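To keep things clear, I will list the structure first and then write my remarks on it.
The values are calculated or read from the model by the stated rules, or taken from the named source; none is laboratory data. Source: prediction; values computed, not measured. Quick reminder, even Gly has a Cβ in these numbers, built from the backbone with ideal geometry, and neighbours come from all protein chains shown. Ligands, DNA and RNA are stripped out before the accessible areas are found, and what is left, the full protein with its side chains, is counted by its heavy atoms. Shrake-Rupley method; radii C 1.70, N 1.55, O 1.52, S 1.80 Å.
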Amino acid sequence: MTADAGATPAALTRTGGPAEPAAVRRLAVDTLDANWEHDHTVPSRTLYPHQWSWDSAFIAIGLAQVHPERAWRELASLFRAQWADGRVPHILFNPALRVGAYFPGPEMWRSADAQGTPTVDTSGLVQPPVHALAALLAYQRAPGVAGLAALRQLYPALVAEQRYLADRRDVAGDGLVCIVHPWESGLDNSPAWDAPMAAVPAEAAVMRAYRRHDTAHADAAHRPTDLDYARYLAIVAAYREHGYADRGLADDHPFLVECPLFNAAFGSAEHALAEIAALLGHDPGPHRARAARITEALVRRLYDPATGTFQPRDLRTGRLIGARTVLGLTPLVLPDLPTRQVDALVVEARSARFGVARHMERPLPTYDRTAPDFEPLRYWRGPSWLNIGWLVRRGLLTHGHPELAAGLRHSMIGLVAGAGCHEYFHPDTGVGLGSPAFSWTAALVLDLLRE
Ligand code: 2M8
């Protein structure tokens, strides 16, 4: 049985009820083992057979508990593909796979034609910079001489990742990072991107010329639409034609957005780097100062006092985007988020829109479940995802809400106990959706079970 074929509730428990923690743990370890590929972990054997950037960060946190040496290899493999400008590409292609193993593949990105790229094929985009946090947690989960040596080796690359974002991607000059494609957010088809995406000229019919790989392995009703994909490709083409250079983006790039999650990760990375610097005997001061500036910019630019949550800002219109998605809750991961914003986000998290509670009735959705366009089956437009719940839970713990954090933890473990290590889950029923053997679900449930 391949990893992708397993992990149904029946495989977890003979009685059909939720699995015991030991069985969940075993399933999670088996899933990570089955998805291990010589020096990295694929997110899913079928849907995502290469290495993805923020997936590897979440995966390393889980691996640190079961195979610490693999956690460091995972991160080292990713950072070997770092570009000369410091960007960490969002996909690192495995050259051993056949053409067409994933769409869009290397032939669409043509990274070798750009300046300062590694010898392996990569995409030209980035993803939320959760790697410094992952490296710190991997070390804390498995402290020791080998971990410290690995941290020491990774530290300059993590600093360069932040420098790229600060120097090349602060398109508005306001201290925040701008994403240039919805794929950079990690929440590809979130309703947060509907308004900026509507302004990207493209026709769904373009997709007739291509073979989508995702819809051959997952239900099309659970995935982005062809029109979404036509726009994704148009934005990739625009960036690629610029040689993936970031100068002049403000003039004509079709998608320019400041995302609360991306920037929360950017700030949280500086906090993590401060701790790593201290462990390595470097000065943590500059990292702390940068972290404080990022939090201040995030509050100033993306907090909306009218809604009491953080909203993305569309730099093409200058306006905040109104859709209330779970992206807005993620600045809770910043330890220096002011009390006013923390309190407002806790109200938002507990509202009927997101339903975070000591005893959660339903899983945390990715979008306001009271919105008329809430879609419980479609990818990032409603379903529940473990990486997002894990981040929000971390934020609740950081800001002194252990009961809410415990409710969220219980709910997330319950999802995996009931359905397996799925990619995402139905936000009402908890039924598993997408890949049934998804690596970050496995890694993060291991992390949750550890406490
Ligand atoms: C999804 O994104 C890729 C494109 O990068 C895709 O849909 O093909 C997202 O869920 C993203 O957050 C994730 O990193 C990636 C691999 O798991 O899949």
Out of Val126, Val130, Val120, sole residue that is among the β-branched types (Val, Ile, Thr) and either over 20 Å from the mean Cα position of the chain (by Cα) or on the phi > 0 side of the Ramachandran plot (or both)
Val120
Cβ pairs under 7 Å, 6+ apart, first in region 68-86 and touching a residue at least 12 places away in the same chain (Cβ under 8 Å), second of a type in the set (Phe, Trp, Tyr)
Arg70/Trp36; Asp85/Tyr164; Gly86/Tyr164
Can you confirm whether Ala323 is under 19 Å from Asp170 (Cβ atoms) and among the small types (Gly, Ala, Ser)?
no
Checking Gly100 against (1) part of a loop (DSSP other than H, G, I, E, B); (2) small (Gly, Ala, Ser); (3) modelled with pLDDT of 95 or more, the condition it does not meet
(3)
Could you please find all residues in region 195-210 being surrounded by 15 or more Cβ atoms within 10 Å (Cβ to Cβ) and either within 16 Å of the ligand (Cβ to nearest atom) or in a helix (DSSP H, G or I) (or both)?
Ala195, Pro196, Met197, Val206, Met207
Tell me yes or no: at least one residue of region 236-246 is under 27 Å from Pro376 (Cβ atoms) and open to solvent by less than 10 Å² (accessible area, probe 1.4 Å).
no
Scan region 396-451 for residues that are more than 17 Å from the chain's Cα centre (by Cα), among the β-branched types (Val, Ile, Thr) and open to solvent by less than 10 Å² (accessible area, probe 1.4 Å) and jot them down.
Val416
Return yes when Thr330 is under 23 Å from Trp385 (Cβ atoms) and either in contact with a Leu (Cβ under 6 Å, 6 or more places away or on another chain) or surrounded by fewer than 21 Cβ atoms within 10 Å (Cβ to Cβ) (or both) and no when it is not.
yes
Pick from region 278-290 the residues that are touching a residue at least 24 places away in the same chain (Cβ under 8 Å) and assigned to a helix (DSSP H, G or I): which of them is surrounded by the most Cβ atoms within 10 Å (Cβ to Cβ)?
Arg290
Which residue out of Val88, Val171 is within 24 Å of Leu298 (Cβ to Cβ), assigned to a loop (DSSP other than H, G, I, E, B) and in contact with a Pro (Cβ under 8 Å, 6 or more places away or on another chain)?
Val88
Give me the pairs: first residue in region 22-43 and under 25 Å from Phe79 (Cβ atoms) and without any contact (Cβ under 8 Å) to a residue 60 or more places away in the chain, second residue away from the ligand (no atom under 16 Å from the Cβ) and assigned to a helix (DSSP H, G or I), beta-carbon distance under 8 Å, and six or more apart or on different chains, which are they?
Trp36/Arg70; Asp39/Arg73; Asp39/Ala76; His40/Arg73
Tell me yes or no: at least one residue of region 125-141 is more than 26 Å from Thr330 (Cα to Cα) and buried (at least 18 other Cβ atoms within 10 Å of the Cβ).
no
Taking the condition crowded, with 19+ Cβ neighbours inside 10 Å and more than 20 Å from Arg313 (Cβ to Cβ), does Asp219 pass?
no
Answer yes if at least one residue in region 174-188 is assigned to a loop (DSSP other than H, G, I, E, B), in contact with an Asp or Glu (Cβ under 8 Å, 6 or more places away or on another chain) and over 25 Å from Ala245 (Cβ atoms), and no otherwise.
no
Which of the following residues is open to solvent by 10 Å² or more (accessible area, probe 1.4 Å) and in contact (Cβ under 8 Å) with a residue 24 or more places away in the chain: Glu275, Glu258?
Glu275
Residues Pro104, Pro89: which one is surrounded by fewer than 24 Cβ atoms within 10 Å (Cβ to Cβ) and in contact with a Phe, Trp or Tyr (Cβ under 9 Å, 6 or more places away or on another chain)?
Pro104
Output for Cβ contacts, cut-off 7 Å, separation at least six or different chains, first residue of a type in the set (Asp, Glu) in region 174-196, second more than 9 Å from the ligand (Cβ to nearest atom) and open to solvent by 10 Å² or more (accessible area, probe 1.4 Å), reads Asp174/Arg301; Asp194/Ala323
With the requirement that a residue be in a helix (DSSP H, G or I) and open to solvent by 30 Å² or more (accessible area, probe 1.4 Å), what does region 30-77 give you?
Asp30, Asp33, Ala34, Gln65, Val66, Pro68, Glu69, Arg70, Trp72, Arg73, Ala76
From Ala76, Ala134, which residue is over 27 Å from Arg212 (Cβ atoms) and away from the ligand (no atom under 16 Å from the Cβ)?
Ala76
